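The values are calculated or read from the model by the stated rules, or taken from the named source; none is laboratory data. Please read these numbers as outputs of a predicted model, since none were measured by experiment. We place every Cβ from the backbone using ideal geometry, glycine too, and count neighbours over all the protein chains shown. Ligands, DNA and RNA are excluded from the accessible area calculation, which covers all protein heavy atoms including side chains. Shrake-Rupley method; radii C 1.70, N 1.55, O 1.52, S 1.80 Å.
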Amino acid sequence: MKPVEILLIEDNAGDAVLIRQIMADASVPVNLHIARDGEQALLMLANGGLAPDLVILDLNIPRIPGVSLLERWKNADTPVVVFSSSLNEAERERVLALGAREFVSKPTDLQAFIDAVSRIIQKWAVPEANGTSSCA
């Protein structure tokens, strides 16, 4: 099985390490690419060297915030899932209007965090396995 290419845009090193570990234990092979800020993410996506199957985006990232990144990078073929601790309902509505496929609140409980990341992978990174389509 071909590995799933996932771009994680996350500035919190602890969250990035935990997500990498969760993906290492996933039921599908994953190549995880990490951008620490919005500017680095846009460079990775613009160079054409990275064509991810899924983008997981934290909103509160340096240089170019997550909402601005969604405004600048448009790719209807690649699902973007916002994984953020933001509780701002207007922000949630805005990112969905900008094309994010889902907004997942980042849990503070370790097991809930693991479960949330696992669900994101199952739902969006392996759509053929569960009968959903990543196309809008």
Quiz item: Tell me, in nm to one decimal, what length is gained between ARG72 and ARG94 on full extension, where the rule is 0.36 nm per residue of separation less the Cα-Cα distance?
Solution: 6.5 nm
Self-check item: Per residue value of the accessible surface for the range 25-136 (all protein chains in place, 1.4 Å probe), Å²
Solution: 52 Å²
Practice problem: Could you size up the charge dipole of the chain around its Cα centre, putting +1 on the beta carbon of Lys and Arg and -1 on that of Asp and Glu, and report it in debye to the nearest 20? | Solution: 180 debye
Quiz prompt | Cut-off under 5 Å, modelled amide H: who pairs with ALA35 long-range | solution = LEU8, ILE9, GLU10
Quiz item: At a 1.4 Å probe, what is the % contribution of carbon and sulfur to the accessible area of the chain?
Solution: 51 percent
Quiz item: Can you list, largest first and rounded to whole Å, the semi-axes you get for the chain by taking the square root of 5 times each eigenvalue of its Cα gyration tensor?
Solution: 20, 17, 16
Quiz item: Using modelled backbone amide H atoms (1.01 Å from N, in-plane), which distant-in-sequence or interchain residues come within less than 5 Å of VAL104's amide H?
Solution: VAL82, PHE83, SER84
Exercise. Could you list which residues have their amide H under 5 Å from that of VAL30, counting only those 5 or more apart in sequence or on another chain, with H placed in the peptide plane?
Key: VAL4
Quiz item: So what does log10 I(q)/I(0) come out to for the range 12-84 at q = 0.15, 0.18 Å⁻¹, using the Debye formula with one equal point on every Cα and no solvent?
Solution: -0.50, -0.73
